[in-house]
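Visitor: Below: one structure in structure tokens.
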Amino acid sequence: MTIYGSILSGSGRIANWAARTNLTEKAKHRLGVIDWLIAHSGDISLAARHFGLDRKTVRSWRDKFRKIGLIALNDKSHRPKNVRQSTTGWKTVDEIVKIRKEYPAWSKWKIRSILERRGVFVSVSTIGRVLKRKGLINKRVSAKKSKAAKSPKQRYPRGFRIICAGDMVQIDTKYVTLLGGRIIYQFTAIDVLTKRRVLKYYSSLLSKNGADFLKYCIQKFPFPIKTIQTDNGKEFLKDFDKMCKELGLPHYFIEVRHPKQNTYVENSHGFDEREFYQQGNVNKDIEAMDKCLERWEYVWNYVRPHQSLNYLTPDEYLQKIQITNLTPREAIILQT
């Protein structure tokens, strides 16, 4: 029987032993070195040169294997023999626990501020360790914050200049209540410069619907989309964000609870409410709603004069900037 590339007497016994023993990958490698060593007359210098190891290391593995067996090849615990003990006094710990229990949603920074008012001075990291040791940290919330900190969402850079159609397209959703009480969702994409929009209804806020809408926008806009900006809704995560990466589209997120950073699409939803839905364009039939929304999209892009475009339609403004370059005053500069 072959074990680690060599034919040894009693190898079947070693194989069965290895199968029953919980060996790590490192231990299996060490066993292979010992196997090779035995197969080559126990020449430690030769085995060390062959595997690029120190002779002392090979000798140590061999001796452990002879004395104890396979299990000795596993790594021992690397925990220090003398573990540092907390030097925080019990009174301070008691104060931290009391404040946390009274205000469970407060962070360690707030707790430190309260302690300082009481004449107790301790670092934020010490407070965090005490809370963790006492089981006063919500593991789910902590894991979520840790993940967010390690993979921060991309924000558009300060002073982001928009000088061409498609430089930035903002996307958001608006819920619509049909006659009868059913709720559907209007997905809206607006080009920040030309104010041209693409609209479509979906039955839910799934990220796959967001990804489908992004494909629809790429087909509908008469110019290439260069960057996308959305809020932090679930419809713009997972499948939507994955598609942005696959297409090489920078996907910027607004700050949480800062809808004004998505001001162009948010304002357009206000116009939808006043000029479309409040004018009787609500039905209980989805197909009828789809046709109404398609007409409204056409009116917005080709009929409605926009004050922000000097009373041109988005289509007229697009044709204008394609013929003549924008002046510095006409460029849009986004601030964080």
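Visitor: Shape verdict for the range 154-312, please, from the Cα gyration tensor: rounded (a/c under 1.5), prolate (a/b greater than b/c) or oblate.
Guide: Oblate is the answer for the range 154-312, as a/c is 1.5 or above yet b/c matches or exceeds a/b.
Visitor: For a protection proxy built on the mean count of beta-carbon atoms within 10 angstrom, sort 277-289, 231-243 highest first, please.
Guide: 231-243, 277-289
Visitor: Next up: Using amide H atoms built in the peptide plane, which far-off residues or other-chain residues are under 5 Å from THR194 H to H?
Guide: Here GLY166 satisfy the definition.
Visitor: While we're on this one: Given Cβ point charges of +1 (Lys, Arg) and -1 (Asp, Glu) and nothing else, what value in debye, to the nearest 20, does the dipole of the chain about its Cα centre take?
Guide: Once rounded to the nearest 20, the dipole reads 2920 debye.
Visitor: Here's a follow-up. How many times 2.2 N^0.38 Å is the alpha carbon radius of gyration of the range 90-150?
Guide: 1.11
Visitor: Got a sec? How would SER123, SER41 order by Cβ neighbour count within 10 Å, fewest to most?
Guide: Lowest to highest Cβ neighbour count: SER41, SER123.
Visitor: Ignoring everything except DSSP H segments at least 4 long, calculate the 222 nm mean residue ellipticity for the chain; use -39,500 (n - 2.57) per segment, divide by total residues, nearest 500.
Guide: -14000 deg cm²/dmol
Visitor: Another one. Order these by the 10 Å Cβ neighbour count, fewest first: TRP296, TRP36.
Guide: Least to most surrounded, the residues fall as TRP36, TRP296.
Visitor: Now for a different question. Between 0 and 90 degrees, rounded to the nearest ten: what's the tilt of helix 207-220 against the longest Cα principal axis of the chain?
Guide: That works out to roughly 50 degrees.
Visitor: Could you calculate the FRET efficiency of LEU206 with GLU255 from 1/(1 + (r/R0)^6), where r is the beta carbon distance between them and R0 is 22 Å, rounded to 0.05?
Guide: For LEU206 and GLU255, the calculated efficiency is 0.40.
Visitor: Same structure again: How much length is gained on full extension from ILE184 to SER60, taking 0.36 nm per residue of separation minus their Cα-Cα distance?
Guide: 37.6 nm
Visitor: How do ILE71, ILE184, ILE190 rank when sorted from fewest to most other Cβ atoms within 10 Å of their own Cβ?
Guide: Final ranking by Cβ density, sparse to dense: ILE71, ILE184, ILE190.
Visitor: (1) 28, 56, 14, 2, 0; (2) 33, 57, 9, 0; (3) 22, 27, 28, 20, 3: which one is P(r) over Cα pairs in 20 Å bins from 0, in percent as calculated from this entry?
Guide: (3)
Visitor: How tilted is helix 263-275 with respect to the longest principal axis of the chain? Cα atoms for both, answer in degrees (0 to 90, nearest 10).
Guide: Its long axis makes an angle of about 40 degrees.
Visitor: How large is ³J(HN,Hα), in whole Hz, for each residue of the range 90-100 in order, when computed from phi with the Karplus curve 6.51 cos²θ - 1.76 cosθ + 1.60 and θ = phi - 60°, using x for Gly and Pro?
Guide: 5, 5, 5, 4, 4, 5, 4, 5, 4, 5, 5
Throughout, read-outs are computed from the coordinates displayed, never taken from laboratory work. Since the model is a prediction, treat every value here as computed from it, not as a measurement. Counting neighbours? That spans all protein chains shown, and the Cβs are built from the backbone with ideal geometry, glycine included.
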